[in-house]
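Peer 1: Input: one structure, supplied below.
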Amino acid sequence: MADYHKTYIKSHLIPEILKQLDKEELVSYTAEHCGGLDGFMSALYNISLKTKEGEGEKERLLIAKFMKGDVAFRESSKSYVQFANEIFIYAQVLPEFEKLLKELQLTTLININDLVPKCYKAAYGYIEGLSSSKDEEEAALVLENLKPLGYQMGPRLCLNRDHLLAMCKPVAKYHALSYALRALQPLQLDHLKSGLKVLPFVCPAHEAKRHLYTVLYRVAFERFYDFFDRTIDTNTFDRKSAKDLKLIEDLKKLKEKYFNEPHHLLEKLRTKVEDNKEDRKFAVILHGDYNRNNVMFKYCEGGEGTDQKVENVKMIDFQEVRYGSPVLDLSFFMYFNSSEDIRADVWPELLETYHSHMFHTLEMILKATNKSDSEIKEIMSDYSYEKFEAHFSRFAFYGVMICMHFLPWMLCSEDECARLSDLFDKDIGGEEFHKLSIEAGGDEVNRKILTAIRHASEMGYMDNL
């Protein structure tokens, strides 16, 4: 445990939390550092807080999250932007959504704490007891630990149909709250949008050598197109198949346009939601990193292993939050967490499940206002399934881009993943990181990436890149 984190938790954090707990006195607390690859961007601590009220004692299990690393790491990893935005979600965005629901007396039907863990502290900037000077920016986020409530991480990467469908529901409700603000309090949505720090995928030329997205996606394209060039004339591609011929042409066009600067394609997908009126209506405050790593599943009683049914899902880790197309959230987990053997079959059901929950949530909110039926119908027409599906197709390749970079990390050996994580912290622009990123997991990983690209090509998601 870092000494300054330990001191801050003892002298400032625990007393602040106690002030929120009316008439409860401290009995004891413990704080233990927890590592692991899922938290490699943060310093995480498990806190057990025991209090007493009258004759009874109560224990709360919390997670405290801080920025890690020195200033150079925080700047290169975009920690200052990512932590500021995550804190903004818990301190400003979610409370604003909750305020709207309270005003409309809907909290029994739509509750923010059903979507995310309860927040005890969310602060960014100068933090007394944590910042070493007035100019040093720090972050402190304390959330309810969901594990004692029965929540747990799901399978390491590929999710089954039940998990995937369950993941559609909370993010659909979360996105619907942005649409509700746009319809009812548009100036407030603009205010929240302006409060987010922009997290672009591009950077000035002089920063490119160590820029997070430039490095990660350039090496991802180098890796995949090395595989493509080695296999284009093998039975990996069926030249008698119209689908495979289209796939080859799509891949050649993608290489020609974006090979040198693939992060420019990510930037295009991030920003083009503003390009036309139809897409702008779908823009939301995103989760930004919505995949199996950043949700917790609660299972129904009974069943074991893969037979367990998902009862609920809660979202965590909003560090990549942006304002943009909801498809950036959806296509991420739909491609990244679905296996090729079920992807095509489950795809329409995922889209329909997401849309139905988003549509129903928005409609429920609008019906709680004094708007007329005709006004509600006009608003809802902007979010019809047909318009949503068309919008989805224009942004869906984003999820494939994520696969190109991130699947090697998830599918390589534990030793390779640990080394990649260490080099990510220490030397992201170095030769060893570059070499290992290309080689980790071998062609088995490359073939997994190809299945995602193949699906996108067949769906027409590459037609207008």
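Peer 1: If a residue must be of a type outside the set (Asp, Glu), part of a helix (DSSP H, G or I) and open to solvent by 50 Å² or more (accessible area, probe 1.4 Å), how many such residues does region 97-112 contain?
Peer 2: 2
Peer 1: Oh, and also: Looking only at region 152-192, which residues are more than 30 Å from Ile449 (Cα to Cα) and among the aromatic types (Phe, Trp, Tyr)?
Peer 2: Result: Tyr179, single match.
Peer 1: Just one of (1) assigned by the TED database to the domain that holds Val445; (2) open to solvent by 40 Å² or more (accessible area, probe 1.4 Å); (3) in a loop (DSSP other than H, G, I, E, B) trips up His191, so point out which.
Peer 2: (3)
Peer 1: Now for a different question. Which one of these is assigned to a loop (DSSP other than H, G, I, E, B), in contact with a Ser or Thr (Cβ under 8 Å, 6 or more places away or on another chain) and under 30 Å from Leu269 (Cα atoms): Cys203, Cys168?
Peer 2: Result of the check over Cys203, Cys168: Cys203.
Peer 1: Would you call His357 in the same structural domain as Val445 (by the TED database) and open to solvent by 10 Å² or more (accessible area, probe 1.4 Å)?
Peer 2: Working: in the same structural domain as Val445 (by the TED database): yes; open to solvent by 10 Å² or more (accessible area, probe 1.4 Å): yes.
Yes; evaluated as a whole, the condition is true for this residue.
Peer 1: Being surrounded by fewer than 20 Cβ atoms within 10 Å (Cβ to Cβ) and small (Gly, Ala, Ser) is the filter here; which residues of region 144-170 pass it?
Peer 2: Across region 144-170, the qualifying residue is only Gly150.
Peer 1: Another question, then. Is it the case that some residue within region 202-217 is of a type in the set (S, T, N, Q), touching a Cys at 6+ places or on another chain (Cβ under 8 Å) and under 30 Å from Phe83 (Cα atoms)?
Peer 2: Scanning region 202-217, I find at least one residue that is of a type in the set (S, T, N, Q), touching a Cys at 6+ places or on another chain (Cβ under 8 Å) and under 30 Å from Phe83 (Cα atoms), so the answer is yes.
Peer 1: Which one of these is in a helix (DSSP H, G or I), aliphatic (A, V, I, L, M) and open to solvent by less than 40 Å² (accessible area, probe 1.4 Å): Ala456, Ala418?
Peer 2: Residue meeting the stated conditions: Ala456.
Peer 1: Can you say whether Arg223 is assigned to a helix (DSSP H, G or I), among the basic types (Lys, Arg) and open to solvent by less than 20 Å² (accessible area, probe 1.4 Å), as far as the supplied structure shows?
Peer 2: Details: assigned to a helix (DSSP H, G or I): yes; among the basic types (Lys, Arg): yes; open to solvent by less than 20 Å² (accessible area, probe 1.4 Å): yes.
In short, yes.
Peer 1: Any chance region 274-296 includes a residue that's within 21 Å of Pro200 (Cα to Cα), part of a strand (DSSP E or B), in contact (Cβ under 8 Å) with a residue 40 or more places away in the chain and within 19 Å of the chain's Cα centre (by Cα)?
Peer 2: The answer is yes, given that some residue of region 274-296 is within 21 Å of Pro200 (Cα to Cα), part of a strand (DSSP E or B), in contact (Cβ under 8 Å) with a residue 40 or more places away in the chain and within 19 Å of the chain's Cα centre (by Cα).
Peer 1: I'd like to check something: does region 69-92 contain any residue that is of a type outside the set (Gly, Ala, Ser) and in contact with a Cys (Cβ under 9 Å, 6 or more places away or on another chain)?
Peer 2: Pass one, region 69-92, residues of a type outside the set (Gly, Ala, Ser): 70-71, 73-75, 78, 80-83, 85-90, 92.
With the extra rule that they be in contact with a Cys (Cβ under 9 Å, 6 or more places away or on another chain), the set shrinks to 90.
Checking region 69-92: at least one residue is of a type outside the set (Gly, Ala, Ser) and in contact with a Cys (Cβ under 9 Å, 6 or more places away or on another chain).
Peer 1: Same structure again: Can you report the number of residues in region 273-309 which are farther than 24 Å from Ala140 by Cβ, open to solvent by 20 Å² or more (accessible area, probe 1.4 Å) and not aromatic (Phe, Trp, Tyr)?
Peer 2: Number satisfying all stated conditions: 18.
Peer 1: Going by what's in this entry, would Val116 be described as assigned by the TED database to the domain that holds Tyr290, among the β-branched types (Val, Ile, Thr) and open to solvent by less than 30 Å² (accessible area, probe 1.4 Å)?
Peer 2: No; evaluated as a whole, the condition is false for this residue.
Peer 1: Give me the residue from region 115-138 that is part of a strand (DSSP E or B) and under 19 Å from the mean Cα position of the chain (by Cα) and, out of that set, farthest from Phe88 (Cα to Cα).
Peer 2: Looking only at region 115-138, we keep the residues that are part of a strand (DSSP E or B), and these are 119-125, 138.
Filter once more, so that each one left must be under 19 Å from the mean Cα position of the chain (by Cα): 119, 122.
On the way: Cys119: 12, Ala122: 8 Å.
Among those residues, the one meeting the criterion is Cys119.
Each row is one residue, and each column tells you yes or no for (1) without any contact (Cβ under 8 Å) to a residue 60 or more places away in the chain; (2) within 14 Å of Ser437 (Cα to Cα); (3) touching a helix residue (DSSP H, G or I) at 6+ places or on another chain (Cβ under 6 Å).
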| residue | (1), (2), (3) |
| --- | --- |
| Leu199 | no, no, yes |
| Val202 | no, no, yes |
| Arg210 | no, no, yes |
| Leu216 | no, yes, yes |
| Asp229 | yes, no, no |
| Thr234 | yes, no, no |
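Peer 1: Could you tell me which of the residues Arg230, Arg218 is in a helix (DSSP H, G or I) and either over 27 Å from the mean Cα position of the chain (by Cα) or not assigned by the TED database to the domain that holds Leu199 (or both)? It would help to see each step written out before you state the result.
Peer 2: Values: Arg218 fails: either over 27 Å from the mean Cα position of the chain (by Cα) or not assigned by the TED database to the domain that holds Leu199 (or both).
Going through Arg230, Arg218 in turn, the sole match is Arg230.
Residues checked against (1) under 30 Å from Lys209 (Cβ atoms); (2) in contact with a Lys or Arg (Cβ under 6 Å, 6 or more places away or on another chain); (3) hydrophobic (A, V, I, L, M, F, W, C):
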{"site": "Tyr8", "(1), (2), (3)": "no, no, no"}
{"site": "Lys19", "(1), (2), (3)": "no, no, no"}
{"site": "Thr30", "(1), (2), (3)": "no, no, no"}
{"site": "Ser48", "(1), (2), (3)": "no, no, no"}
{"site": "Thr51", "(1), (2), (3)": "no, yes, no"}
{"site": "Lys58", "(1), (2), (3)": "no, no, no"}
{"site": "Ala64", "(1), (2), (3)": "no, no, yes"}
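Peer 1: Here is a list: Leu266, Leu251. Which entry is out of contact with any Gly (no Cβ under 6 Å at 6 or more places or on another chain), in contact (Cβ under 8 Å) with a residue 40 or more places away in the chain, open to solvent by less than 10 Å² (accessible area, probe 1.4 Å) and farther than 30 Å from Leu181 by Cβ?
Peer 2: Matching residue, one of Leu266, Leu251: Leu251.
Peer 1: Quick one: is Glu128 among the acidic types (Asp, Glu), farther than 19 Å from Lys169 by Cβ and surrounded by fewer than 18 Cβ atoms within 10 Å (Cβ to Cβ)? Lay out the reasoning, then the answer.
Peer 2: Working: among the acidic types (Asp, Glu): yes; farther than 19 Å from Lys169 by Cβ: yes; surrounded by fewer than 18 Cβ atoms within 10 Å (Cβ to Cβ): yes.
For Glu128, the condition - among the acidic types (Asp, Glu), farther than 19 Å from Lys169 by Cβ and surrounded by fewer than 18 Cβ atoms within 10 Å (Cβ to Cβ) - is met.
The values are calculated or read from the model by the stated rules, or taken from the named source; none is laboratory data. Bear in mind the structure is a predicted one, so any value in this text is a computation, not a measurement. Heads up, the Cβs are rebuilt from the backbone with ideal geometry, glycines too, and the neighbour counts pull from every protein chain shown. Ligands, DNA and RNA are stripped out before the accessible areas are found, and what is left, the full protein with its side chains, is counted by its heavy atoms. Shrake-Rupley method; radii C 1.70, N 1.55, O 1.52, S 1.80 Å.
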